[in-house]
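Visitor: Shown below is the structure under consideration.
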Amino acid sequence: MDRRQSDTNFFDPAFLEDPFPLYEEIRAVGNVVWSEPLQGWVVVGYDEAVSVLTDSGNHFAILAGDPELTFWFEAPNMITVDGPYHHRLRAALAPLFTRNAVAKWERRVTQVVEQLLAPLVAGDDHFDLINDFTMLPTVIVADMLGVPEERYGDFRRWSHEVVTNLSFGFEDDETRAVLRRAATEINEYLREEMERHRREQPDDLLTYMLNLPSDKAMTDEEIRSTAVLLLIAGYDTTAKTMANCLIALERNPDQRRLAVEDPSLLPAAIEEGLRWFGAVQWLPRRALAETVLDGMEISAGENVYVMNSAANRDPRRWVQPDRFDVSREAKGHLAFGFGPHLCLGAPLARLETRIAIEQLLHVAPEYHLRDLDFGNSMFIRGPERGIVEVGMRASRQTPFAVRSPNG
Ligand code: HEM
């Protein structure tokens, strides 16, 4: 069969502003389509996306494994490898990221959210979406790794510099220089921290990685690379997810009202927010062997970009996919990926997002977002600047309540 082809320009500012019409443009051509601008395959169909993502390195390799494209990692980590190597690196950390394991962070997450929202509770009528609110995920990853408070700001800057600039080989020289500088600074800092952790053995994730049993042991380079991965995988994605969920709720006031009136709907509302307006836009892979997908012959060596946010609106999978509906059974969405590389931090991201949004809705049930700026990251999409106006205040200004774990 001839290649189905699309010229849709992913580098157009219109894509950043609103990618969904462009995804439909591609879908009208097919579920698996050759993209001229990307010089690779784009997958917008749900079933096709799942079949690429569930492959564990037989037909498709994770593209981040190409050291040319992810040069900021100095060594392999779980997102750059497949098969048994991936299994070893992931299994070492997996017990710390289960839903039960992250529940112990509930109190700390609540405390940080309270601090961030304190000026609002005290009467401020607006605050900065990024500086004042979405700082949460950096603080939590930094705390997990045992990074002291005075380095939170550096941590956030490094993470942001890498994540917002990465585009898997489509960066210009200037952008590559920013990425290199951030990577050098993070790695230098982590070297110092690892020395301190070896001496002082504080009870945290870095010490845990240093002391793994021999069958799971990681080299120093793998530990640093994993710490960089956690930092960059855990900040921008979660910060933008929090902001995107706020956008979804504001644009759908009837749904927001439901969530305000019944906060037990919030976990479902967040899943629906992830499906409807997810942060991660594409999950890149490389074909290892000739493979047929939806009738298209993909050759070995060709890149395949799974457009998970487009698959999350595939009308073959979702009823009325463009509708944001907090009562929808949104489980099965691909916002956290799928298969062996499914997001390790999903339970933590869900916990952080739920608590942050719950507390914000508690103070400002009719908040209004303004001056949103989506920056220029086409990989992780969400506001990089914006203001939240409190609007009408909740009548019940009771103190925040810390809910029980898993609650
Ligand atoms: C809402 C926020 C988040 C979103 C939308 C998100 C999304 C994703 C996606 C889509 C993948 C799969 C990438 C692929 O298949 O190519 C992934 C992997 C990963 N994420 Fe997240 N993530 C989030 C938060 C976090 C957090 C908070 C952490 C940890 C602190 C984290 C750690 C990881 C790790 C370690 C991987 C690699 C897993 C592997 O390769 O086995 N993520 N994430």
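Visitor: Mind checking which residues of the stretch 337-380 are assigned to a strand (DSSP E or B) and of a type in the set (A, V, I, L, M)?
Guide: If the condition is that a residue be assigned to a strand (DSSP E or B) and of a type in the set (A, V, I, L, M), then Leu369, Leu372, Ile380 are the ones that fit.
Visitor: Within the stretch 299-321, how many residues turn out to be away from the ligand (no atom under 16 Å from the Cβ) and either acidic (Asp, Glu) or not in a loop (DSSP other than H, G, I, E, B) (or both)?
Guide: Residues that pass the stated criteria total 2.
Visitor: Now for a separate question. Is there any pair with a first residue in the stretch 219-248 that is closer than 15 Å to Leu351 by Cα and a second that is outside any helix (DSSP H, G or I) and of a type in the set (S, T, N, Q) whose Cβ atoms are under 9 Å apart and which are 6 or more apart or on different chains, and what are they?
Guide: Tyr235/Thr134; Thr238/Thr134; Ala239/Thr134; Lys240/Thr134; Lys240/Ser377; Met242/Thr134; Ala243/Thr134
Visitor: Then there is this: Kindly establish whether Met144 is over 21 Å from the mean Cα position of the chain (by Cα) and more than 29 Å from Arg285 (Cα to Cα).
Guide: Answer is no for this residue.
Visitor: How many of the residues in the stretch 375-392 are buried (at least 19 other Cβ atoms within 10 Å of the Cβ) and more than 16 Å from the ligand (Cβ to nearest atom)?
Guide: Adding up the residues that qualify gives 3.
Visitor: Still on this structure, please answer the following. Would you check which residues across the stretch 270-298 are among the β-branched types (Val, Ile, Thr), touching a residue at least 12 places away in the same chain (Cβ under 8 Å) and either part of a strand (DSSP E or B) or surrounded by fewer than 21 Cβ atoms within 10 Å (Cβ to Cβ) (or both) and list them?
Guide: Passing the criteria: Val280, Thr291, Ile298.
Visitor: Name, by its number, the condition in (1) touching a helix residue (DSSP H, G or I) at 6+ places or on another chain (Cβ under 8 Å); (2) not charged (D, E, K, R); (3) not in a loop (DSSP other than H, G, I, E, B) that does not hold for Phe324.
Guide: All conditions are met except number (3).
Visitor: Also, quick follow-up: Answer yes or no as to whether Leu93 is under 21 Å from the mean Cα position of the chain (by Cα) and not aromatic (Phe, Trp, Tyr).
Guide: yes
Visitor: In this structure, does Ala239 turn out to be more than 22 Å from Pro67 (Cβ to Cβ), hydrophobic (A, V, I, L, M, F, W, C), over 25 Å from the mean Cα position of the chain (by Cα) and modelled with pLDDT under 95?
Guide: Criteria not met by Ala239.
Visitor: Please determine, by comparing only the residues of the stretch 346-374 that are of a type in the set (Val, Ile, Thr) and more than 10 Å from the ligand (Cβ to nearest atom), which one is surrounded by the most Cβ atoms within 10 Å (Cβ to Cβ).
Guide: Ile355
Visitor: Additional query: Look at Asn58 and say whether it is more than 15 Å from the ligand (Cβ to nearest atom), within 26 Å of Ile298 (Cβ to Cβ) and of a type outside the set (Ser, Thr, Tyr).
Guide: In short, yes.
Visitor: Let me ask another. Test of understanding: among Asp154, Asp173, which residue is within 26 Å of Arg107 (Cα to Cα) and out of contact with any Pro (no Cβ under 8 Å at 6 or more places or on another chain)?
Guide: Asp154
Visitor: Would you mind telling me which numbered condition in (1) more than 21 Å from the chain's Cα centre (by Cα); (2) in contact (Cβ under 8 Å) with a residue 40 or more places away in the chain; (3) under 24 Å from Leu16 (Cα atoms) Pro315 fails?
Guide: Pro315 satisfies every listed condition except (2).
Visitor: In addition: When you go through (1) buried (at least 19 other Cβ atoms within 10 Å of the Cβ); (2) within 16 Å of the ligand (Cβ to nearest atom); (3) within 23 Å of Leu266 (Cβ to Cβ) one by one for Phe338, which number turns out not to apply?
Guide: (3)
Visitor: (1) surrounded by fewer than 20 Cβ atoms within 10 Å (Cβ to Cβ); (2) of a type outside the set (Phe, Trp, Tyr); (3) under 18 Å from the mean Cα position of the chain (by Cα): which one isn't true of Ala122, the others all being true?
Guide: Unmet condition: (3).
Visitor: On to the next question. Just wondering, is there one or more residues in the stretch 349-371 that are touching a residue at least 12 places away in the same chain (Cβ under 8 Å) and over 25 Å from Pro253 (Cα atoms)?
Guide: no
Visitor: Do we find that Ile140 is modelled with pLDDT under 85 and assigned to a helix (DSSP H, G or I) in this structure?
Guide: In short, no.
The values are calculated or read from the model by the stated rules, or taken from the named source; none is laboratory data. None of the values given here were measured: they were computed from a predicted structure. All Cβ positions, even for glycine, are placed from backbone atoms using ideal geometry, and neighbour counts span all protein chains on display.
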